[in-house]
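Visitor: Following this message is one structure expressed as structure tokens.
The values are calculated or read from the model by the stated rules, or taken from the named source; none is laboratory data. As the structure is a computational prediction, the values presented were derived from the model and not from experiment. When we count neighbours, we look across all protein chains shown, and the Cβ atoms used for this are built from the backbone with ideal geometry, even at glycine. Heads up: the accessible areas ignore ligands, DNA and RNA and are worked out on the full protein's heavy atoms, side chains in. Shrake-Rupley method; radii C 1.70, N 1.55, O 1.52, S 1.80 Å.
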Amino acid sequence: VQLQASGGGLVQAGGSLRLSCVASGSIFSINVMGWYRQAPGKQREVVATITSSGSTNYADSVKGRFTISRDNAKNTMYLQMNSLKPEDTAVYYCNALVLSPVTNSWGQGTQVTVSS
């Protein structure tokens, strides 16, 4: 599975951005897709995940502000980010997990910067 993320940028606090992640390759085998982020000096953390059946999970820090979704016809996953805060500043990565055999694929990352 190959992943291509886009949509990052610079936005003021309170603003919105939408990230996109286009998947190619053996996309039929993907079980879970997700967005992760890594801020300078911090470990990569999960932001949101979505399963092949559409079940979603969110980190507590983004619940109510971010929405993960996928468009299977376009092989694309999205992360709608509203009410952005400076602490959301990070490089955002998309991820695809295949369970059999276990394969973990990452996109190249897209920078999100939220100014106060």
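Visitor: Whole angstrom only: what separates the Cα centroid of the stretch 73-116 from the Cα centroid of the stretch 1-60?
Guide: When both Cα centres are located, 2 Å separates them.
Visitor: Stretched out fully, how many nm does the piece from residue 72 to residue 31 gain, at 0.36 nm a residue minus the Cα gap? If you can, show how the numbers build up before the last one.
Guide: Working: separation 41, 0.36 × 41 = 14.76 nm, distance 1.27 nm.
Result: 13.5 nm gained on full extension.
Visitor: Okay, moving on. Which order do 106, 35 take when ranked by solvent-accessible area (1.4 Å probe, heavy atoms of all protein chains), largest first?
Guide: The ranking, largest first, comes out as 106, 35.
Visitor: Express the accessible area of the stretch 21-63 per residue in Å², computed with a 1.4 Å probe while the remaining protein chains stay in the model. Can you show the working numbers first?
Guide: Details: 2430 Å² over 43 residues.
Value returned for the stretch 21-63: 57 Å² of accessible area per residue.
Visitor: Given a 1.4 Å probe and every protein chain left where it sits, what share in percent of the accessible area of the chain is carbon and sulfur? Write down the numbers at each step before the final one.
Guide: On the way: 2970 of 6100 Å².
Looking at the chain in its full context, I get 49 percent from C and S.
Visitor: Could you check the spin-label model distance between residue 65 and residue 113? Points 7 Å from the Cα along Cα→Cβ, value in nm.
Guide: It is 1.9 nm.
Visitor: Can you put 10, 3 in order of accessible area, largest first, using a 1.4 Å probe? The partial results should precede the final answer.
Guide: Numbers: 10 135, 3 20 Å².
Result, largest first: 10, 3.
Visitor: Also, quick follow-up: Residue separation times 0.36 nm, minus the C-alpha to C-alpha distance between residue 45 and residue 10: what's the value?
Guide: 10.6 nm
Visitor: For the chain, with a Gaussian network of springs between Cα atoms less than 10 Å apart, report the residue from 23, 73, 39 with the top mean-square fluctuation.
Guide: Among 23, 73, 39, the largest mean-square fluctuation in the Gaussian network model of the chain belongs to 73.
Visitor: Here's a follow-up. Within the set of other residues whose C-beta is less than 15 Å from the C-beta of residue 88, count the net charge using Lys and Arg as +1 and Asp and Glu as -1. Don't skip to the answer; put the middle values down first.
Guide: Working: positive: 18, 37, 42, 44, 63, 65, 85; negative: 45, 60, 87.
Taking every Cβ under 15 Å from that of residue 88, the sum is +4.
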